1. Of the residues in region 41-88, how many are in contact with a strand residue (DSSP E or B) (Cβ under 8 Å, 6 or more places away or on another chain) and in contact (Cβ under 8 Å) with a residue 24 or more places away in the chain?
2. Find the residue count for region 48-89, including only residues that are assigned to a loop (DSSP other than H, G, I, E, B), touching a helix residue (DSSP H, G or I) at 6+ places or on another chain (Cβ under 9 Å) and over 17 Å from residue 250 (Cα atoms).
3. Search region 222-249 for residues being in a helix (DSSP H, G or I) and surrounded by fewer than 22 Cβ atoms within 10 Å (Cβ to Cβ), and hand back the single one that is nearest to ligand 2 (Cβ to nearest atom).
4. Only one of these conditions is not met by residue 150: (1) in contact with a helix residue (DSSP H, G or I) (Cβ under 7 Å, 6 or more places away or on another chain); (2) not assigned by TED's automatic domain parsing to the domain that holds residue 254; (3) not in a loop (DSSP other than H, G, I, E, B). Which number is it?
5. For residue 178, work out the one condition from (1) at pLDDT below 95; (2) surrounded by fewer than 24 Cβ atoms within 10 Å (Cβ to Cβ) it doesn't fulfil.
6. Please verify whether residue 265 is within 15 Å of residue 141 (Cβ to Cβ) and part of a strand (DSSP E or B), treating the condition exactly as stated.
7. Got a sec? Which of 382, 406 is within 16 Å of ligand 1 (Cβ to nearest atom), under 17 Å from the mean Cα position of the chain (by Cα) and closer than 17 Å to residue 117 by Cα?
Ligand SMILES: Cc1ncc(COP(=O)(O)O)c(C=O)c1O
Ligand SMILES: [Zn+2]
């Protein structure tokens, strides 16, 4: 039985369908591109906007005919990376044999100490994605985009980035033998800049914020200067986005093929949140998990909270903002997927909330102190929002909850620079005792 998910209407597409003359591409179960707004189908290719209505394109699948039990077994015997889910991704079946960073299969930590402090009576988990190859969840999306880049014959990989994506593209390009040229705002944290620059590709700082960088990249795509470049989050965006579904798959598999009741996810462009929802719905449709209600919550920093503001005001339209927050990885003032995030939060009975920079710092320290997990500012936003959602009664601490830590604190050391040595002593026992450190 072929199961086509996420297509709004129309007949099932044929796998690999391409315009006249072009050879079919092998991107596994990906069958076509489908407009999220009007459902019009397009052949698989490096396109991202609907020619009919300019809506965003996403992947429509024809999944294999095997039953849920067989598929579950196949996944469980697969590699300890996102490639265990290759049958559900736009990648060739032999993807694991190609040079790639092989991200994913990160720990789902039972956060009992944090849960206790926040008043949880049900299990709280932290999905800790800081252990990916370049220390953020962006390795997942780049791993998928790079397979599309290979299929469409690109030799240069590029992106507009708030920092983490630049590092993920630089590293993946180095491993897979692509040239890379990535674009970031010029004033990012040193940890992000070094992490993006060390892999040897071109790293271009743009005098402006992320929204300026993104606008510039959109211009570059339409210009001969950028011809033949695969921009992972622009012309390869439909393929890139699918990588975030693997967070949903992993969480459910790690729970014993069960949906969590509540998930808290940070928002920059909103792509990750929308694709986690897509991944959960696919698991239900494929019979891999039992259908039951789940609630999705989005997290933003107050200094860049256009989605949270729209949610609270009951608006459907996102008003772009000029970001001003220490959570630079989430500093997108005009988030492309913002309206879809609103839909998902409302449809699932979730919410979108924001916290101040001071709350972000306190939450980084709270997570580190209670669970031994050092999150970057995006993780501080997520945990800070989790705390606020419980305190304001928006999230139920009696329901099983997962909060996603998407990045590593080593990249944003300045945020917690007051942490460090609690005292300095001379190398003598007297000095040690005088400091009040002796047990007796
Ligand atoms: C660490 C981290 N978390 C979350 C996000 C949000 O991703 P999205 O743009 O998919 O909403 C980003 C985006 O750059 C990020 O770097
Ligand atoms: Zn359309």
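The values are calculated or read from the model by the stated rules, or taken from the named source; none is laboratory data. Since the structure is predicted, the reported quantities are computational estimates derived from the model, not experimental observations. FYI the Cβ positions are ideal-geometry reconstructions off the backbone, even for glycines, and counts take in every protein chain you see.
1. Of the residues in region 41-88, 15 are in contact with a strand residue (DSSP E or B) (Cβ under 8 Å, 6 or more places away or on another chain) and in contact (Cβ under 8 Å) with a residue 24 or more places away in the chain.
2. So the count comes out to 4.
3. Residues of region 222-249 in a helix (DSSP H, G or I): 224-226, 237-242, 245-249.
Cutting the leftovers down to surrounded by fewer than 22 Cβ atoms within 10 Å (Cβ to Cβ) gives us 224-226.
Details: 224: 28, 225: 29, 226: 25 Å.
It comes out as 226.
4. Every condition holds for residue 150 apart from (1).
5. (1)
6. Judged against the criteria, residue 265 is a match.
7. 382
Rundown of residues vs (1) over 17 Å from residue 234 (Cα atoms); (2) part of a loop (DSSP other than H, G, I, E, B); (3) in contact with a strand residue (DSSP E or B) (Cβ under 9 Å, 6 or more places away or on another chain); (4) free of Cβ contacts under 8 Å to residues at least 24 places away in the same chain, yes/no style:
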residue	(1), (2), (3), (4)
154	no, yes, yes, no
174	yes, no, yes, no
181	no, no, yes, no
184	no, no, yes, no
187	yes, yes, yes, yes
193	yes, no, yes, no
196	yes, no, yes, no
208	yes, yes, yes, yes
214	no, no, yes, no
